[in-house]
Each structure stands twice: as structure tokens, then as C-alpha cells.
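Values quoted throughout were computed directly from the atomic coordinates according to the rules given, and no laboratory measurement underlies them. These numbers come from a predicted model, not from an experiment. Positions of Cβ are generated from backbone atoms using ideal geometry, with glycine treated the same way; all protein chains shown enter the neighbour counts.
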Amino acid sequence: MSVKGLERAIQNLNSLSRLIVPEATAKALNRVASRTISQGSKTVAKEAKVDDNRKTGLPVRLVRQRSRLRKARHDRPVASIKINRGNLPAIKLGTARVRLSRKKGARNGSGSVLKIGPYTFRNAFIQQLANGRWQVMRRVGQARYPIDVVKVPLETPLTVAFTSISKRLIESDMPKELSAALKNQLRIHLKR
């Protein structure tokens, strides 16, 4: 469909009701935006690296709950996705337990590992911080160095995945969604 034909079709639809095109645009935008969130969350969850574990990936719900969709409306045809790109604290990965080492000669629990859900963290421990939150901590390096909160890095995977997927879906799915939404709005209007 050429641009000239598109403008003509929009004029015809506007002659019926001036809300048909904006409503359809908002619906199409919201569908593409929600699809971006679900696909982006799945890819990030699958590719995420948790420490030095044999098990890769994260539960999808942990990634999906970091993104919020502000839906488009007929008077504001912009759908915006707000993503918390901060690193994910390891304590959120599940229930924590210590797997004790029963080796001969193991002193003071040496060789024991902290397991959180299916993930293993060596030389880590759980501690309550000054703000009252419980976190998984680890000393990186020798004893004189400070301890640090164990986190799963998510900033770059989230940024890369969401930008590429949103661009791809706008090019591939937006025209189909827009035509389907226009047909639906026209059907609704003609039924009245």
C-alpha cells in the first residue's frame, strides 16, 4: 500500500469516527510492546550467567518483573517500557542452604558451599546488612580485602536484548498488528 493510499484510507476512517485510527494504533503498540517484554525476558533469562555455575540461566519471572509497560492510549500514542537494569542480588534466586563438606581433614567447614536454589556459590555466606536486608556476601581476594554482595550481572544483556528485539518487532510485527487492529476497530464501529 502506497503512502498516498494510506493517507486516503485514514481520511475515510476519520470521516466515520476520529477515534478509530488512534485507538487501533494504541492497541497495536501495546501488543508489540508486551511481546517485546516477554521475548526480551526469555532471551535474557536463558543467556544469563550466574557466577561460575554449571547451571546457566535464570527463572524468567525474575527477569520479567524488572520491566514495566506504560501503555499507549488514543490521546498518547506512545508505549514505553521501563526496565530495572541493575544487577540481580543472588539472594533472590531461591531458598538458601549450606551444603557441608564431609571430607576428612576439612576444618571449620572448609570446602562447604552455599546453594541458593539450583545455583552454587563457593566461599559465600549470608549476612544481615546495616539496612536490615539479608544478602549473600563473598570476600574477593585475601582476608584484608572487603566483602562484597554477590550479584548476577544483567545490565548489558537486558540493554542488548531489549533494543534489538524491540527494533525487530517494530519492523516485522507492527504492520500486521496495525492492520488487524484497524479491521477490528472498523468492525466494532460498524456494529454500533
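May I ask for the net charge around VAL60, where only other residues with Cβ less than 9 Å from the Cβ of VAL60 are counted and Lys, Arg are +1 while Asp, Glu are -1? Summing Lys/Arg as +1 and Asp/Glu as -1 gives +4. FRET efficiency for the ARG76 to GLN142 pair, using the beta carbon distance and R₀ = 45 Å, is estimated at 0.20. Would you look at the GNM of the chain, springs on alpha carbons closer than 10 Å, and say which of VAL136, VAL44, VAL98 moves the most? Evaluated over the chain, the most mobile residue of the options is VAL98.
Computed from phi, the 3J(HN,Hα) profile of the stretch 31-42 under the Karplus parametrisation 6.51, -1.76, 1.60 (θ = phi - 60°) reads 5, 5, 5, 5, 5, 4, 4, 5, 5, x, 5, 5 Hz, with x in place of Gly and Pro.
Summing +1 for each Lys or Arg and -1 for each Asp or Glu among the other residues whose beta-carbon sits under 14 angstrom from that of LEU129 gives +2. Against the set [x] 14.1; [y] 11.0; [z] 16.1, the structure's computed mean projected area of the Cα convex hull in nm² falls on [z]. The long axis of helix 3-16 is offset from the longest Cα principal axis of the chain by roughly 80 degrees. Helix 155-172 and the longest principal axis of the Cα set of the chain meet at an angle near 20°. A cut-off under 10 angstrom between Cβ atoms defines the neighbours of ALA45, and their net charge, with Lys, Arg +1 and Asp, Glu -1, is +3.
If the limit is 27 Å between Cα atoms, which of LYS27/LYS49; LYS49/LYS115; LYS167/LYS191; LYS71/LYS176; LYS42/LYS115; LYS46/LYS82 go over it? Check vs 27 Å cut-off fails for LYS27/LYS49; LYS167/LYS191.
In order along the stretch 88-97, the Karplus-derived 3J(HN,Hα) couplings, from 6.51 cos²θ - 1.76 cosθ + 1.60 at θ = phi - 60°, round to 8, x, 5, 5, 6, 6, x, 7, 9, 8 Hz, and Gly and Pro are given as x. At a threshold of 8 angstrom on Cα-Cα distance, excluding pairs fewer than six apart, so keeping six or more, what relative contact order does the chain reach in percent? Computed value for the chain: 26 percent relative contact order. Close amide H contacts of ARG73 (hydrogens built in the peptide plane, cut-off under 5 Å, sequence separation of 5 or more or a different chain): VAL78.
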